[in-house]
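Read through the structure below, which is laid out as structure tokens, and then see the notes.
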Amino acid sequence: HIEEAPDMMRRLATVGITTREACGNSVRNVTACEYAGVCKTQAFDVTPYANAITQFLLGHPDVQDFGRKFKIAFSGCEDNPCGLVTFHDLGAVAHVRDGKRGFRVVVGGGLGAVPVQAKVLAEFCPEEELLPLAQAVSRVFARLGEKQSRARARIKFLVQKVGIDEFKKLVAEEREGLRPDERWTAFLDDLHATDEKPVRDPGAIPSDAPAGFRAWAEHNLKPQAQEGYYSAIVKLPLGDFTATQGRALADLARKYTGDSIRCTVEQNLTFRWLSGADAVAFYDGLVALQMAAAGAGTITDMTSCPGTDTCKLGISASRGLTGELRKRLTLVEGDLDPAVRALRMKASGCFNSCGQHHAADIGFTGVSRQVGGRKVPHFNIVLGGQWTENAKSYGLVVGAVPSKNIPKAVELITEHYLADREGEESFQAFIARVGKREFRKVLAPIQKPPPYEEDPSYYSDWGNPREYTIGDIGVGECAGEIVPFVEFGLQQAEQQLHDAQDALEAGQAGAAALGGFTAMVTAAKALVRHLEVQVKDDADDVVANFKTHLHDTTLFHDPFAKGKFATYLLKMHGEQSYKNASDEIAHRTLDEAQLFLEAAHACYERLTQAAAAAAE
Ligand code: HEM
Ligand code: SF4
């Protein structure tokens, strides 16, 4: 209850947990690999540095005037994914150079609607320079970052606007002028202050450990750098556990691993410092709590954002979908090919990508489509993203599939991979070789939902029996037969966007960017004509009419993102950025085109909804 919240906050504060600056335009939770300090491949333990930057920036006057949130992540090494620094506003990867500790620092990354890879700010920032560098970056962001338009206020837009070289210069100047602060280096005097102490002696895992334990240990137990100790991952369904389970987990931690448990960005819990000699007893404890699910970090261990369950920005039920996929895949887990089992899947309920779908082998992002006058929940399928090497590359949308056909889509995609891969070819390499066009062909048969009369289940979302509908609009004898002109236009735009994505894959950045822009113009034209406005085929006329009739009237405005997506078209047309585009610009153009098309679908839905309400 809300009246109990202050008491809860006080109790959390007494154990060093605060929600201060966890929301709003502030430095959000600083994250680091869950294996920091115990990992075999780390350069060194990043925990004290992550802790120091948290303490230093929390409440710092230089971070109180941001236009948007700011996320910081640490990684203990380059290649392991746990830190995922490339999609953070500021990221630091541990390095040792000539025996000296420091970090490769990156800036301006982010997911969200238009994902951007962070750029290198410093190849090697010595440890004593880390906090002043973060302070200087914060001051530049606070001073020059966008404050009016939230949609363009993250630091990634500032870095893009001024360019990384100019940004580096601004930061260097800012650093020069900073008044020295003893907190910059005080923490270096005791880098062991955050060390965890094991509560049990090290030991070996018994050679006669039962089969159930061994199946669990295959993916959920990781040997630590410290001989005789392991990190155990408790795989949580959708990141959830009950209060009773939470208390029992705390008891297990006190008994076997000490008083610290790390939450992971993949929505699991990691218990470190588990002695091999206790591993079976710990596992038995999890079995008793029904928390011994195997397969951490595999295809059954999906990440999902809250989606329509609780998020007001949600379009589709990402949690419902994830729960369903997890249930179905767990049943066949033992029979899956190891290459398929190793895939990572992630789902977001909308384009904001809280579920990190861009950085998955197979990602899903919620969208909705209008079919025969009814809304049908869909997910866009995103392929080609990379979780490894700190999320080195992001995927692109292959196409939208009705929510209820997503399990089938996963089946088709993985079957296609297994059937046509060359030797031990990885999923990443396979996608790069065959291209997304191939996957579009694979998905084509399941992209169209059956008419409502044939199968109404497609018209409600996973885990939500309520109909996902806007009423019987334009439904004739057979709903499937009536396809308004605007729907053809939107389909044509999607086809153009797909062709543009193929062009990008073929290394033709110029053609791809032009194709992305053309797709936006086609969608805009379809909507303008839907309003019964005469419009010519040329882009200037379409954009002018789109501006007058859909942008200025706010008809195209998203309820939350407002004019953000319309601006993509207007800006692109004004600046002609689609001409002679580089790879990076082409990628961004296609991301923006994808979002514009989603917004066009949503706008069309709102227009039909309004027409239906007026007709009642
Ligand atoms: C339920 C309420 C939530 C809302 C309204 C929300 C809203 C948003 C928005 C608007 C963005 C895009 C920001 C941008 O592009 O500038 C975003 C990004 C993101 N959110 Fe959430 N979020 C919610 C919950 C969560 C949760 C529970 C998590 C994970 C624990 C999460 C993790 C992320 C991540 C990883 C990103 C992408 C990284 C980035 O570029 O910031 N979000 N969120
Ligand atoms: S991705 Fe969208 S639906 Fe999911 S939590 Fe973020 S804002 Fe909400």
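Only the coordinates and a few stated rules stand behind these numbers; no lab work does. Predicted model, so just to flag it, every value in this text is computed and none were measured. Heads up, the Cβs are rebuilt from the backbone with ideal geometry, glycines too, and the neighbour counts pull from every protein chain shown.
With both labels modelled 7 Å from their Cα along Cα-to-Cβ, the Ala13 to Thr242 distance reads 3.3 nm.
Each Cα pair under 8 Å and six or more residues apart adds its sequence gap; the mean of these over the residue count of segment 211-288 is a relative contact order of 33 percent.
Residues Glu173, Glu129, Glu467 in ascending order of nearby Cβ atoms (within 10 Å, fewest first): Glu173, Glu467, Glu129. Taking only the Cα atoms of the chain, the radius of gyration and Dmax are 25.5, 80 Å.
The order of Thr365, Thr554, going from fewest to most other C-beta atoms within 10 Å of their C-beta, is Thr554, Thr365. The residues packed around Ala209, meaning those with a beta-carbon under 15 Å from its beta-carbon, carry a net charge of -3 if Lys and Arg are +1 and Asp and Glu are -1. With R₀ fixed at 25 Å, the C-beta to C-beta distance from Arg437 to Lys408 puts the FRET efficiency at about 0.80. Among the DSSP helices (H) of the chain, those spanning at least 30 angstrom by Cα along their long axis with an average Kyte-Doolittle hydropathy of 0.5 or more are 509-530; this is a geometric and hydropathy rule only. Counted by neighbouring Cβ atoms within 10 Å, the residues Arg97, Arg344 run from fewest to most as Arg97, Arg344. By its C-alpha gyration tensor, with a ≥ b ≥ c as the square roots of the eigenvalues, how is segment 211-288 shaped: rounded for a/c under 1.5, else prolate for a/b larger than b/c, else oblate? Rounded shape, in that the Cα axes give a/c under 1.5.
Only helices enter the 222 nm calculation for the chain: every DSSP H run of n ≥ 4 contributes -39,500 (n - 2.57), and dividing by all residues gives -12000 deg cm²/dmol, rounded to 500. Over the C-alpha atoms of segment 525-616, the Rg to Rh ratio, Rh being the Kirkwood estimate, stands at 1.01. Summed over all non-identical Cα pairs, the Kirkwood treatment of segment 19-180 gives a radius of 15.7 Å. Within the shell of other residues whose beta carbon sits under 11 angstrom from the beta carbon of Ala32, the net charge comes to -1, with Lys and Arg scored +1 and Asp and Glu -1. Once the other residues with Cβ under 9 Å from the Cβ of Glu174 are scored (Lys, Arg +1; Asp, Glu -1), what is the net sum? Once all neighbours under 9 Å are counted, the net charge is +1.
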